[in-house]
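Heads up: the structure comes next, in structure tokens.
The values are calculated or read from the model by the stated rules, or taken from the named source; none is laboratory data. All figures in this text were calculated on a predicted structure; none of them were measured in a lab. Positions of Cβ are generated from backbone atoms using ideal geometry, with glycine treated the same way; all protein chains shown enter the neighbour counts.
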């Protein structure tokens, strides 16, 4: 279908208004020229920094070429959605840091404490597409929510809703980095927004704070050392030399975000979807380690955590309980819990439990 330039400009403004009505904190529009990002992507892949995430390399340069990924695409509508839970104090960063210092506490990345963001964003981006269709008739589009080889940060930066921080996550002056990204690839030639400029300056707080030194330098992340990768993406054994550095982070890691000065502007979500479930903002590793597979699946239904499965959940918790030995070596409750899992059917679990028990002896 053909839409006049004036109507396209009006439509772009309407899309941004509809996006906010649907709970998105910002909407931007970018063209699809990502040639500037291709060299960096290829170098990252060639260095093997993607680890076991084979899907990162499987599509080659399609990640940087939206029109090859979805033929007919000429624009990408990018959407940002805040995920800090609705309830919480202003000193949330200090609270999170204090929790990480408690050896018995389980630290779950903030984004994963509520409902699976894939479902939330996909549903609302689909609603946005439906609004557009109601306005202009049938049009070509495809929704993405961290579900395909899309260069989200590069597109979001180009669309003006933020800039890529030195930790490689997107940053916003109005919202820090505590938000999700989603995209709507479309064949509508909408007017584009100006790109955002970097506002990191000389700051390197995120680089210096990383527990495993996964951020090798500005914009250079070795995922193989990143705690989020190790506890979520990695399917097998976590390298022995990295286990002590994980501490009590049992699912993901927020350290580079907690230290970032821009996150003093982080905004709370307007949606109940990201409210904390199962007390995951204040729970002991022993309580979580006691969950059998049925309870794990039942409690975490609709949660992103369920994606890793009970086996890797126990693997991560075993490492956390082993690291608790730094302050609570030989703790009877911890030792008993580990010994109860020492004969687990999974070799992966048995290996990590044995490592943890050795730390307590």
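Screening the candidates 254, 281, 275 for the property of being surrounded by fewer than 16 Cβ atoms within 10 Å (Cβ to Cβ) and on the phi < 0 side of the Ramachandran plot yields one hit, 275. Applying the condition of being at pLDDT below 95 and in contact with a strand residue (DSSP E or B) (Cβ under 7 Å, 6 or more places away or on another chain) to region 65-83 and asking which residue is surrounded by the most Cβ atoms within 10 Å (Cβ to Cβ) yields 66. The residues listed here are 130, 146, 116; of these, the one that is out of contact with any strand residue (DSSP E or B) (no Cβ under 7 Å at 6 or more places or on another chain) and without any contact (Cβ under 8 Å) to a residue 12 or more places away in the chain is 130. Taking the condition surrounded by fewer than 18 Cβ atoms within 10 Å (Cβ to Cβ), within 30 Å of residue 122 (Cβ to Cβ), out of contact with any strand residue (DSSP E or B) (no Cβ under 7 Å at 6 or more places or on another chain) and at pLDDT 95 or above, does residue 194 pass? When the stated conditions are applied, residue 194 passes them.
The single condition among (1) in contact (Cβ under 8 Å) with a residue 60 or more places away in the chain; (2) within 20 Å of the chain's Cα centre (by Cα); (3) under 22 Å from residue 75 (Cα atoms); (4) not in a strand (DSSP E or B) that residue 181 does not meet is (4). Out of 194, 211, 189, one residue alone is in contact with a helix residue (DSSP H, G or I) (Cβ under 6 Å, 6 or more places away or on another chain), touching a residue at least 24 places away in the same chain (Cβ under 8 Å) and part of a loop (DSSP other than H, G, I, E, B). It is 211. Output the residue which, of all residues in region 221-237 that are free of Cβ contacts under 8 Å to residues at least 40 places away in the same chain and out of contact with any strand residue (DSSP E or B) (no Cβ under 6 Å at 6 or more places or on another chain), is nearest to residue 315 (Cα to Cα). Here the answer is 230. Checked against the criterion of being outside any helix (DSSP H, G or I) and on the phi < 0 side of the Ramachandran plot, the candidates 88, 28 yield just one match: 28.
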